[in-house]
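Right, one structure below, let's go through it.
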Amino acid sequence: MAYYGIASNLVIYLTDKLHQGTVEASNNVTNWSGTVFLTPLLGAYVADAYLGRYWTFVVGSAIYFMVIIIALVLLLLKQFLQRQVRLV
């Protein structure tokens with residue numbers, strides 16, 4: 001679900017906000033899309049060969065949760081620092 005929300009606007013974001021060229025932005029989106037579709041194969045291999053279904057889900061969910069928390073903390077920190085700069 002998150003893939004479709006991000007993929008549709010990613011080229012525009014990369015070109016407008018990160019000032020990448022259209023070719024470079026398209027290449028980055030293609031690489032990201034390939035990674036999104038191939039990562040479940042890695043997860044399936046780890047689940048079948050090492051951890052099992054339950055522990056793979058637990059570890060994957062923990063990693064996902066930590067990334068979301070880190071992104072939230074960084075966003076809040078950025079907003080806090082921008083407000084501090086405006087007050088000075």
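Structure above, values below:
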item	result
So TRP32, is it open to solvent by 60 Å² or more (accessible area, probe 1.4 Å), free of Cβ contacts under 8 Å to residues at least 12 places away in the same chain, in a helix (DSSP H, G or I) and not aliphatic (A, V, I, L, M)	no
Residues (over 18 Å from the mean Cα position of the chain (by Cα) and β-branched (Val, Ile, Thr)) located in region 20-47	THR22, VAL23, VAL46
Pairs, first part of a helix (DSSP H, G or I) in region 39-57, second open to solvent by 100 Å² or more (accessible area, probe 1.4 Å), C-beta under 7 Å, six or more apart	ALA47/ARG53
Which listed residue, of VAL67, VAL73, VAL23, is hydrophobic (A, V, I, L, M, F, W, C), at pLDDT 90 or above and open to solvent by 90 Å² or more (accessible area, probe 1.4 Å)	VAL23
Meets criteria (surrounded by fewer than 13 Cβ atoms within 10 Å (Cβ to Cβ) and not acidic (Asp, Glu)) for LEU18	yes
Check on PHE57, open to solvent by 80 Å² or more (accessible area, probe 1.4 Å) and either in contact with a strand residue (DSSP E or B) (Cβ under 7 Å, 6 or more places away or on another chain) or closer than 16 Å to TYR4 by Cα (or both)	no
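The values are calculated or read from the model by the stated rules, or taken from the named source; none is laboratory data. These figures come from a predicted structure and were not determined experimentally. Note: ideal-geometry Cβ built from the backbone for every residue, glycine included; neighbour counts use all protein chains shown. Surface areas here come from the heavy atoms of the whole protein model, side chains and all, with no ligands, DNA or RNA. Shrake-Rupley method; radii C 1.70, N 1.55, O 1.52, S 1.80 Å.
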